[in-house]
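The structure appears below as structure tokens.
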């Protein structure tokens, strides 16, 4: 037996692990580890970062007759030992070489046990990607560094994406949310085997991952599965789709694209045909309109089964099904990559209103422009794109996130912490974008700081300091429900519209409100999309 395995076994014996745990979690002679879970026996790896079990199945492959069906618990072969040493494939999205419909896996990252440490707190990460892209194999969200740095267990997971995850046949939908619920049940039932505490599970997600957490909070099916939640860069302007949007409009569009007219036909399609129809939906979403959001056309559905009404209505009524402490916020330049993807170079200010009208429509554009709160900086060579990005950042992210935090504070019995990140580390896909260079902090620039997976020689001291603060505050919140400790200034929860106590990460200062004047008209005279389309 290797020295590492001997040490690990001694930890188990000396510091209170049960006989059952010892039987199901032990090292082999080649420095790998074994775990017997409810979904099989897995061989993981043990290295300087801790113990990693990758590609653990939590559900049966959603293929064949299980395509467009609720996930079911994976039933393992009693005689088989499963390989947990490599990351799982991405769910189908037409981007990566390593993609498969057989993608419902999760990964467990656990640091080497610390002497005297009790059961570890658990952080479960839900990746983003507009409900159509991404996966737990993304190296930026590899959980080992964060688990080791903050002595906690990190779990990352896959869930079905796009049409496969949110198709509505008129009877059933929301498979993506059901996937995550089943994965959380796996964590609840198995994490003690990895020296984790099933009573202190925090879910976290970024972008559409945060939107999915909004859906978890909105269904009693997720009750008791987690104790805290972190929602980063949630495009909160987008509410959930009504059945009118998801079935009458989106499903009709997809049937037209595929030539299908029922779920049996959709199950029989080649995956490439489904992805082609999905890509066309994304390309045409802006033109479709009628509540179909341009960047996330497929979102959680108010199906009157899993989800009965939009998150915003639950909050306003004080009846959110799952109520836990929340940490939520944005980065300061969320929309910059989107604007640059649409407008690759600077444009004259004369086009400002016309471009804005494409996103907001006539009425909302007139109100925004006439307010005088969003002027184009004529002294800047790129003033028009920058102001378009500023408006989009506030409208789709900052203002609705803040409005939600304030509304929660008024109707909710749990603490809500609000932030804006003014320093970040550029996500790989944004490298080379002019509007994501220099001091701009673009969408996804919060992932490297949290997971600590950046190249330390390629970042500034300010970026390293930001990462240290994010990891410290986030881990404090994960462990206690309070993001405060002795290292940084006191951060108080949201109290109301004029006392949001928003932390400006990167400067360690606080604002009573984020963009008070601008956000005052957004959600009122400039209604959010969820107010227009998700509350019928």
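According to the Kirkwood relation over distinct C-alpha pairs, the hydrodynamic radius of segment 420-536 is 16.3 Å. Place a point 7 Å from the Cα of residue 341 along the Cα-to-Cβ direction; which residues of segment 208-231 have their backbone N under 20 Å from it? Hits in segment 208-231 for residue 341 at 20 Å: 208-213. Given 20 °C and 1.002 mPa s, how large is the Stokes-Einstein diffusion coefficient of segment 30-143 in µm²/s, with Rh as the Kirkwood radius over Cα pairs? Answer from the Stokes-Einstein relation: 138 µm²/s. Across segment 310-384, Cα-Cα pairs farther apart than 14 Å form 74% of the total.
Axis angle, to the nearest 10 degrees, between helix 175-190 and the longest C-alpha principal axis of the chain: 30 degrees.
Taken over segment 56-98, the alpha-carbon convex hull comes to 101 cubic angstrom per residue.
Across the chain, Cα-Cα pairs farther apart than 29 Å form 52% of the total. The distance separating the Cα centre of segment 507-529 from that of segment 460-493 comes to 24 Å. Along its three principal directions, the equivalent ellipsoid of segment 329-533 from the Cα gyration tensor extends over semi-axes of 29, 23, 13 Å, largest first. Available extension along the chain between residue 189 and residue 261 is 22.0 nm, counting 0.36 nm per residue and deducting the alpha carbon span. Extending 7 Å from the Cα toward the beta-carbon at both residue 492 and residue 223 defines two label points whose distance is 3.3 nm. Estimated from helical segments only, the mean residue ellipticity of the chain at 222 nm is -10000 deg cm²/dmol, where each DSSP H run of four or more residues counts as -39500 (n - 2.57). Counting only DSSP beta bridges with both residues in the chain, what percent are antiparallel, rounded to the nearest 5? Among the beta bridges of the chain, antiparallel pairing accounts for roughly 40 percent. Which distance in Å, rounded to a whole number, links the C-alpha centroids of segment 33-67 and segment 119-171? The distance from the Cα centre of segment 33-67 to that of segment 119-171 comes to 14 Å. To test your reading of the geometry: what angle, between 0 and 90 degrees and rounded to tens, separates the Cα axis of helix 461-480 from the longest principal axis of the chain? Approximately 70 degrees, to the nearest 10. Express in whole angstrom the spacing between the alpha-carbon centres of segment 322-351 and segment 237-296. Value for the Cα centre distance between the two parts: 24 Å.
The angle between the Cα long axis of helix 208-217 and the longest principal axis of the Cα atoms of the chain comes to about 80 degrees, rounded to the nearest 10.
Note on residue 63 and residue 199: with the Förster distance fixed at 22 Å, the Cβ-Cβ geometry gives a FRET efficiency of about 0.05.
Within segment 36-232, DSSP assigns beta bridges of which about 45% are antiparallel (rounded to the nearest 5). Temperature 10 °C, viscosity 1.306 mPa s: under these conditions the Stokes-Einstein estimate for segment 240-383, based on its Kirkwood radius over C-alpha pairs, is 85 µm² per second.
Kirkwood analysis of the Cα pair distances in segment 178-286 returns a hydrodynamic radius of 16.5 Å.
Directionally averaged projected area (segment 36-232, Cα convex hull): 11.1 nm². The Cα atoms of segment 243-288 define a convex hull whose projected area, averaged across directions, is 3.1 nm².
Any read-out appearing in this document is the output of simple, stated calculations on the displayed coordinates, not a laboratory observation. These numbers were taken from a predicted model, which means no experiment stands behind them. Methodologically, a virtual Cβ is constructed for each residue, glycine included, from the backbone with ideal geometry; neighbour enumeration extends over all protein chains shown.
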